Amino acid sequence: MNFNLSEEQTMIQDSIARFVQDNYNYDQRNAVVALPGGFSTEHWQQFADLGWLSIPFAEEFGGFGGGPVDTMVIMQELGRGLVIEPFLPTVVLFGGLLQAGASDELKNDLIPQIIAGQLQGGFAYLERQSRYSVADVKTCARQDGVDWVLNGEKTVVLNGGAAQKLIVLARSSGEQADENGLSLFLVDGNAPGVETTSYRMTDGREAANVVLDNVNAQALIGGPGEGYALMTPVIEQAMLAVAADAFGAMESLNAQTLEYLKTRKQFGTHIGAFQALQHRMVDMFAACENTKSLLYRAVCAFDAGDADAQRSLLALKVMVGRAGRKIGGEGIQMHGGMGMTEELSVGAYVKRLMIANILFGDADHHQQQFAALVNTPAAA
């Protein structure tokens with residue numbers, strides 16, 4: 001596959017790489033993780049000033065009009081630097097849902113605020129019983145006159161603690177696991193009845209559990225019962241973004257491990273001279289390249305609207321889980337005891353890859369989905 005970035009995409013890539021180099025060494029990153037809210041508001045404003053937050057949005061809302069390739073470029077560099085700021089939950093998920101289904105009035109109001117760095121958002125869709133079935137929803141929405149009232153609990157809401165606005169997936173009709181009858185609602189994160197419990201995930205990024213007790217929704221996103229159809233393509237774009245982030249982390253961990261093999265000495269020679277370690281390094285490189293190939297294939301398929309885009313995405317998610325575990329495990333092993341300490345970034349990359357595996361379904365789940373897809377007879 002001949003995959004070349006445009007001049008604009010190369011400029012975005014270089015801009016983020018310079019930001020990471022200047023502001024995100026491992027010690028600086030740990031300081032950001034420790035901040036209240038789990039990220040730096042100064043960094044976020046810098047994202048806005050540099051135009052990164054505008055890239056996925058349409059030009060009519062002040063955006064760049066970028067597509068899946070542009071988002072991939074951003075996420076790959078954020079993954080390389082272990083950047084903690086909530087680009088995925090606020091821009092890709094929350095902003096993507098607004099752009100996909102909100103009214104023109106809401107789009108014109110909220111999207112420019114996201115682009116300016118003034119609005120944090122989150123997507124509350126998972127529940128305790130859901131596992132990886134996003135349609136398994138107990139949170140209910142009932143109509144009270146012209147208003148919608150929400151009751152239920154959402155878990156693992158990325159950026160949920162810092163989010164000023166949430167888009168909540170709730171059931172307005174149908175049975176608990178039906179894809180039909182799901183609706184999306186805009187909710188003020190500080191509204192009466194919204195109780196948020198924030199916590200850190202394994203990789204240091206912040207998530208939250210959100211309890212909704214007779215909460216009045218601010219707006220319906222799309223029509224009643226249209227939630228599943230609206231959110232599916234946005235979640236697919238988020239899966240591509242997570243895979244790009246993971247690929248960036250794999251590249252960086254590979255490079256760090258190779259550099260360690262070239263500098264660490266044992267028995268009077270660099271350990272990179274040992275053939276057994278060379279073979280393991282080749283296996284890491286091959287896993288990373290396999291991920292790269294599938295990432296490019298999936299991104300190009302979605303960009304072109306190909307019929308096999310979903311199949312490519314499922315295969316990519318399986319590869320992210322398998323390759324991430326391989327590269328992470330070998331990276332720790334070849335760094336020896338130091339790979340298990342907090343002094344090196346190796347463990348932080350491994351944790352990033354662990355979270356990338358489970359977001360939106362792990363490798364085993366998507367392998368089952370892939371098998372079901374390829375074994376389904378084509379429609380006549």
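Put simply, the convex hull of the Cα atoms in the range 215-309 casts, on average, a shadow of 10.5 nm².
Between residue 265 and residue 26, what FRET efficiency comes out of the Förster formula 1/(1 + (r/R0)^6) with R0 = 30 Å and r the beta carbon distance, rounded to 0.05? The formula returns an efficiency of 0.85 here. Can you find, among 281, 36, 254, the residue sitting farthest towards the positive end of the charge dipole of the chain, where Lys and Arg contribute +1 and Asp and Glu -1 at Cβ? Positive-most Cα among the choices belongs to 281. For the range 53-212, the convex hull drawn through the C-alpha positions has a volume of 121 cubic angstrom per residue. Among 52, 148, the order of accessible area from largest down is 148, 52, computed with a 1.4 Å probe on protein heavy atoms. Based on C-alpha pairs under 8 angstrom that are at least 6 apart in sequence, the chain has a relative contact order of 15 percent.
Cross-link check: pairs 265/326; 292/317; 107/165 evaluated at a Cα-Cα cut-off of 18 Å; pairs beyond the cut-off: 265/326. Using only the alpha-carbon atoms, how far is helix 309-335 inclined from the longest principal axis of the chain? Give it as 0 to 90 degrees, nearest 10. Computed tilt is about 40 degrees. In this calculation the C-beta distance from residue 105 to residue 136 is compared with R0 = 30 Å, giving a FRET efficiency of 0.40.
Each residue of the range 148-228 gets 91 Å³ once the volume of the Cα convex hull is shared out per residue. For the range 204-338, the share of accessible area belonging to carbon and sulfur comes to 52 percent (1.4 Å probe, ligands and nucleic acids excluded).
Any idea what % of Cα-Cα pairs in the range 262-380 are farther than 19 Å? Taking all Cα-Cα pairs of the range 262-380, the fraction more than 19 Å apart is 58 percent. Mind checking the log10 I(q)/I(0) for the range 323-380 at q = 0.25, 0.28 Å⁻¹? Debye, one equal scatterer per Cα, no solvent, two decimals. Listed by q, the Debye log ratios stand at -0.94, -1.05.
Taking every protein chain into account, the accessible area of the range 33-176 amounts to 36 square angstrom per residue (probe 1.4 Å). Accessible surface ranking for 317, 265, 1.4 angstrom probe, highest first: 265, 317.
Once the Cβ-Cβ distance of residue 283 and residue 48 is raised to the sixth power relative to R0 = 35 Å, the FRET efficiency obtained is 0.30. Taking the chain as the reference, fit the longest principal axis to its C-alpha atoms, fit the long axis of helix 346-358 to the helix C-alpha atoms, and give the angle between the two in degrees, 0 to 90, nearest 10. The helix 346-358 is inclined about 40 degrees to the chain. Sorted from longest to shortest, the spans of the Cα atoms of the range 133-190 along the three principal axes equal 32, 31, 14 Å.
Here the Debye sum runs over all C-alpha atoms of the chain as equal scatterers in vacuum, and log10 of I(q)/I(0) at q = 0.07, 0.08, 0.11 Å⁻¹ comes out as -0.32, -0.41, -0.78. Estimated from helices alone, the mean residue ellipticity of the chain at 222 nm is -16000 deg cm²/dmol (sum of -39500 (n - 2.57) over DSSP H runs with n ≥ 4, per residue).
The values are calculated or read from the model by the stated rules, or taken from the named source; none is laboratory data. These numbers come from a predicted model, not from an experiment. With ideal geometry, Cβ positions are generated from the backbone for all residues, glycine too; neighbour counts draw on all protein chains shown. For the accessible areas, the whole protein counts, side chains as well, though only heavy atoms, and no ligand, DNA or RNA atoms are used. Shrake-Rupley method; radii C 1.70, N 1.55, O 1.52, S 1.80 Å.
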